[in-house]
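What follows draws every value from the coordinates through simple rules; no lab data is involved. As the structure is a computational prediction, the values presented were derived from the model and not from experiment. Please note: Cβ atoms are built from the backbone with ideal geometry, for glycine as well, and neighbour counts cover all protein chains shown.
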Amino acid sequence: MGTVAAHELRKSFGEVQALDGVTLDVPDGSFFVVLGPSGAGKTTTLRALAGLEKLDGGTVHLDGRDATRDTPAARDLAMVFQSYALYPRRTAYENIASPLRARRASSGEIKEAVDQVSALLHIERLLQRRPAQMSGGEQQRVALARALVRRPRAFLMDEPLTNLDLKLRVEMRTELTRIHRTLGGTFVYVTNDQVEALSMADQVAVLREGKVQQVGTPTEVYERPANQWVAGFVGSPRISLLACHAEGDQLVGEQGWTLPRPRWTNAQDGRPLLLGLRAEDLSVEKRSDASLSGELYGLEPLGDRTVVDVKVGTEMLKVKARPAVTGTPGERMSVAVDLDRAHLFDADTGLTLS
Ligand code: ATP
């Protein structure tokens, strides 16, 4: 078993309300990602789960049992941080073995466990090296092996890949999900990188200013964001937002455009709205009855695709296009809109409307 549940966690540091009623339910065996921008309260949440933070309120349950007052050791959770914190004078083998030595495991047991986890992480050839003789990525693998060898109730990981270069980070994402599948166990993983979150998570909790905005699968959070803020934080390029209101069978933009009212919405006429359009739901190559007219602002070639910036009045649309698309800044462009995939937000509350 390895369920981790936080209920209404509260913590302030002076004026800063770091956690403002955080509730999370991490199912046994899941890869659960807490995603949010810097200062959202991710590390404080993880430290609260680990018992390293004195809370102002709220409870932590582990495997259904109230652990709010348990010491960090009694919780049996393993933390992995972005800094590797290996013992500098010990070899990788000794570093990985250290939690088992602390538990007084026999040397036979230790060797078997270290060999097993080293094979899983492909670090057999590093075992006799000291941290100074390893690259950052290798040290991070050893730190991970040291956490994995313990078989704790759950793993708490705080941006463990942040210090790695991009290529290694992408590799390690795949490795971590593979390790999770192979070993099983509950992972609670904190990151501010939405690509990392969407690519690794079974479930994502999106955190902002100490409050959970939404919990869901990566697809749910991306395709059915709870509010305008989540829609803007998740997805790259960023979702385009256009101010408008509904009027009969039309959506009327504040910048003078009109679109057919999406069939799915029952938004009240005249109410201030934001129309949210993702780059892949817009096209400068297709033709459609639902289209917006604007002016080409710039092209951003990204190899496998080009992002086309089209200005509609003073608002900017980001449109995904084939790499070969061309154009001159200032030229008129028609942008086809897939209204079935569009989002509408209440402009006052930011909440998603259906
Ligand atoms: P990052 O991605 O930058 O690590 P985070 O989402 O992990 O951010 P936290 O580290 O949990 O955010 O911090 C949440 C808020 O609480 C921030 O405003 C931070 O400045 C504040 N905070 C965290 N720890 C302390 C502390 N020990 N003393 C004072 N303020 C703190």
What list of ³J(HN,Hα) values in whole Hz, one per residue of the range 295-309 in order, does the Karplus curve 6.51 cos²θ - 1.76 cosθ + 1.60 (θ = phi - 60°) give from phi, with Gly and Pro shown as x?
10, 5, 9, x, 10, 10, x, 10, x, 7, 7, 10, 9, 9, 8
For the chain, what is the calculated [θ] at 222 nm in deg cm²/dmol (nearest 500), taking -39500 (n - 2.57) for each run of four or more DSSP H residues and dividing by its residue count?
-7500 deg cm²/dmol
Using the alpha-carbon atoms, what tilt in degrees (0 to 90, nearest 10) does helix 136-148 show relative to the longest principal axis of the chain?
70
Taking Cα pairs closer than 8 Å and at least 6 residues apart, the relative contact order of the chain in percent is 16
Considering only ALA290, ALA40, ALA92, give the residue with the highest GNM mean-square fluctuation for the chain, with springs between Cα atoms whenever their separation is below 10 Å.
ALA290
Output wanted: per-residue J couplings in Hz (rounded whole) for the range 315-330, from phi through Karplus 6.51 cos²θ - 1.76 cosθ + 1.60, θ = phi - 60°, x for Gly and Pro.
9, 10, 9, 10, 10, 7, 9, 5, x, 7, 4, 10, x, 10, x, x
Neighbourhood net charge (9 Å Cβ-Cβ; Lys/Arg +1, Asp/Glu -1) for ARG10
-2
Angle, helix 92-102 long axis vs. longest principal axis of the chain, Cα atoms, 0 to 90°, nearest 10?
70
Karplus 3J(HN,Hα) series, Hz, for the range 42-48 with 6.51 cos²θ - 1.76 cosθ + 1.60 (x for Gly, Pro)
5, 5, 4, 4, 5, 5, 5
If each K or R counts +1 and each D or E counts -1, the residues other than ASP28 whose Cβ falls under 15 Å of its Cβ total 0
Take the alpha carbon gyration tensor of the range 237-353, find the square roots of its eigenvalues, order them as a ≥ b ≥ c, and report rounded if a/c is under 1.5; if not, report prolate when a/b exceeds b/c, else oblate.
prolate
Report, by chain and number, residues whose modeled amide H sits under 5 Å from the one on ASN163, excluding near sequence neighbours (fewer than 5 apart, same chain).
none
Taking amide hydrogens as modeled 1.01 Å from N in the peptide plane, which residues meet the under 5 Å criterion relative to THR186, leaving out close sequence neighbours?
GLY29, PHE155
Counting sequence-distant residues (5 or more places) and residues on other chains, those with an amide H built under 5 Å from that of GLN214 are VAL206
At R0 = 51 Å the Cβ-Cβ FRET efficiency linking ASP289 and ALA102, nearest 0.05, sits at 0.15
May I ask what percent, to the nearest 5, of DSSP beta bridges between residues of the chain are antiparallel?
75
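What size of dipole, in debye to the nearest 20, comes out for the chain about its Cα centre when the only charges are +1 on Lys and Arg C-beta atoms and -1 on Asp and Glu C-beta atoms? Display every interim value, and only then the final one.
Details: 44 positive and 46 negative charges, 335 e Å.
Approximately 1600 debye in magnitude.
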Using only the alpha-carbon atoms, how far is helix 166-183 inclined from the longest principal axis of the chain? Give it as 0 to 90 degrees, nearest 10.
60
Two decimals is fine: what's Rg over Rh for the range 4-226, C-alpha atoms, Kirkwood radius as Rh?
0.97
